[in-house]
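I'd like to ask you about the structure that follows.
The values are calculated or read from the model by the stated rules, or taken from the named source; none is laboratory data. Keep in mind that this is a model prediction, so the values were computed, not measured. Cβ sites come from the backbone with ideal geometry, for glycine too, and all protein chains shown count toward neighbours.
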Amino acid sequence: MAERKEFKNKRFQILSEKPVNRHTYLKDWPEVGITAHDGVNDPKPSIKIENGLVVEMDGTRREDFDMIERFVADYFIDPEQAEKSMTMDSTAIAKMLVDICVPREEIIQIAKGFTPAKFKEVVTQLDECEIMMGIHKLRARKRPGNQCHCTNEPDNPVQMAADCAEARLRGFDEAEATTGVAPIAPLNSVALLVGGQVPNVGLLCQNAVEEAVELQLGMRGLTTYAETVSVYGTERVFADGDDTPWSKMFLASAYASRGLKLRFTSGSGSEVQMGAAEGKSMLYHEIKCIMLTRGAGVQGLQNGAVSCNGIAMSVAGGVNSVHMENLVTAMCDLENASSNDQIFSPSDLRRAARTFPLMWAGTDFIFSGYGCMPNYDNMFAGANFDSNDYDDYLVIQRDLVVDGGLRPVTEEEVTAVRNRAARAIQAVYREMGWPEITDEEVEAATYANGSRDMPPRDIRADLDAAREMMKQRVTGVDIIRALAKTGFEDIAERILKMQIHKIAGDFLHTSAIITPENKVLAAVNNLNDYQGPGTGYRLQFYPERWNEIKSIPQESSPEDYE
């Protein structure tokens, strides 16, 4: 980090103290991969196919492929499309991405024949506005959506259930938990499972923990999706996790076999942080991760630097390059949870500049982790936007006539769902014989902003209960029974409906979500059909949704201001 200095010029002194200057900025160091998209070893596009087999890709012969290159060559690249796609002029293809007369399906077909270097050569032709135009046209699901983080520092189940209920009321389609103490994960999952269905049916929930535990929680019906199955762009980094692309594909098949939705996760900068970037750019490695995800048959990807935000956003063009990743993900016909999650800068203006272009373009999940609680409670190391930013976000939706996935709510509505969620989880704990949730805790969770407003719990007792419930093989059906027996039949029925969706495979469609009306919305029945003005998803086509977005509680009526 550059040393702070004192300035004689008062304006420079004041500027030096601004939040934006508390971030570390790095000059490019391409030899070790510290560069957005100008790696010294980034190859030029090329391909050679013999008897339907890729024998040379981007200047590397098949016998010299590492395991990632071999996987991409065998499982992503369409040999019948490749020779045509690879001979097309990259600038001409880039123009197709922003041409409203070229349909989405044509771009996706062409991209099936790309090598990693070809993807990079195409998307680096675009400026920021053109990248957003491409995402606007190519995202999978027509209606954009949003995902939230739902965690708290002490792993308090009452607060977690209440926060999750509020999150669903505010319009989130998915909620993601993690833990401060790993063994407590099953109880956190139950809190989201119960709280998320309080306002209405449909919130998909996951728990980002160790992969085997995460899969087990899903198979028991305590979660409905997962996205923290990480993939990487170099063989050494992949192997450091005792993984291969094939082992990740096997894990993906395990999720699919039980009807669980799955996204892989990748992040620009992970190879740099692990010291194995091979002199190639962050964008180049990320493109390989995206292609690997598509080749593995997974329906989506969480990407856009994610937890590696700090390194990606420290170099020139880092945000621009991260947005290129999101575009490549859409070009590969994958559901995209486009990050905007982990906080990367003390500057509010930088946070906004990184996030709002994707809100305007719309992605399947604009955030892969909007903090539905204050950042001090975010166990994912803080969110780019949190509960303190709700009003700003809602007003900006209203200002720009754009659907960012959230809806205005009243204090009365929030209080009601938080209280009901807290009472429901209290009843479940009592019925299951788990540590008592007191009326004092229910009252506190009803009105709390965060864990600092909650009475303390005995974390050791909760840990013991979590371990015991795993030994007893508690499932989602047990939670449904507990709710039904204690007067919460409506919540029990909604959880049952989510289990039915899982059994039916409804979550396996690309970009699948469940609406409050219990309808499956996915790329198969809500495919993005944008082709210029008057097409695609726009709020004037959905007056009920526009009326909801613009009706913020703080607006004054004519009677008020007369």
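Residues in the range 46-57: is at least one out of contact with any strand residue (DSSP E or B) (no Cβ under 7 Å at 6 or more places or on another chain) and surrounded by 19 or more Cβ atoms within 10 Å (Cβ to Cβ)?
no
For GLU436, which of the numbered conditions (1) more than 30 Å from SER345 (Cα to Cα); (2) free of Cβ contacts under 8 Å to residues at least 40 places away in the same chain; (3) in a helix (DSSP H, G or I) fails to hold?
Answer for GLU436: the failing condition is (3).
Counting only residues that are polar (S, T, N, Q) and under 14 Å from VAL123 (Cα atoms), how many does the range 56-103 have?
The qualifying residues number 2.
Continuing with this model, one more query. Restricting the search to the range 494-536, which residues are over 20 Å from GLY218 (Cβ atoms), out of contact with any helix residue (DSSP H, G or I) (no Cβ under 8 Å at 6 or more places or on another chain) and hydroxyl-bearing (Ser, Thr, Tyr)?
Result: THR515, THR535.
Here's a follow-up. Does the range 453-462 include one or more residues that are in the same structural domain as LEU192 (by TED's automatic domain parsing), closer than 29 Å to GLY171 by Cβ and surrounded by 14 or more Cβ atoms within 10 Å (Cβ to Cβ)?
So far as the range 453-462 goes, yes, one or more of its residues are in the same structural domain as LEU192 (by TED's automatic domain parsing), closer than 29 Å to GLY171 by Cβ and surrounded by 14 or more Cβ atoms within 10 Å (Cβ to Cβ).
Kindly establish whether LYS112 is of a type in the set (Lys, Arg), touching a residue at least 12 places away in the same chain (Cβ under 8 Å), out of contact with any Cys (no Cβ under 9 Å at 6 or more places or on another chain) and within 23 Å of MET86 (Cβ to Cβ).
no
If you don't mind, another one. Residues that are under 26 Å from ALA252 (Cβ atoms) and over 17 Å from the mean Cα position of the chain (by Cα): which helices (runs of 4 or more DSSP H) entirely in the range 291-396 hold 2 or more of them?
Once the helices (runs of 4 or more DSSP H) in the range 291-396 are filtered for at least 2 residues that are under 26 Å from ALA252 (Cβ atoms) and over 17 Å from the mean Cα position of the chain (by Cα), nothing remains.
Could you please give the count of residues in the range 534-550 that are within 28 Å of the chain's Cα centre (by Cα) and either among the aliphatic types (A, V, I, L, M) or surrounded by fewer than 12 Cβ atoms within 10 Å (Cβ to Cβ) (or both)?
So the answer is 7.
I've got another one for you. Please give the helices (runs of 4 or more DSSP H) falling wholly within the range 455-506 in which 2 or more residues are more than 14 Å from ILE425 (Cβ to Cβ) and under 27 Å from the mean Cα position of the chain (by Cα).
Hits in the range 455-506: 489-504.
Exactly one of these conditions fails for GLN159: (1) over 17 Å from the mean Cα position of the chain (by Cα); (2) of a type outside the set (Val, Ile, Thr); (3) within 19 Å of THR363 (Cβ to Cβ). Give me its number.
Failed condition: (3).
In this structure, is LYS519 surrounded by fewer than 21 Cβ atoms within 10 Å (Cβ to Cβ), more than 16 Å from PRO157 (Cβ to Cβ) and of a type in the set (D, E, K, R)?
Judged against the criteria, LYS519 is a match.
If a residue must be out of contact with any Asp or Glu (no Cβ under 7 Å at 6 or more places or on another chain) and under 30 Å from ASP403 (Cβ atoms), how many such residues does the range 206-224 contain?
Total meeting the criteria: 3.
Within the range 170-223, which residues are farther than 16 Å from ASP462 by Cβ, part of a loop (DSSP other than H, G, I, E, B) and polar (S, T, N, Q)?
Across the range 170-223, the qualifying residues are GLN197, ASN200, THR223.
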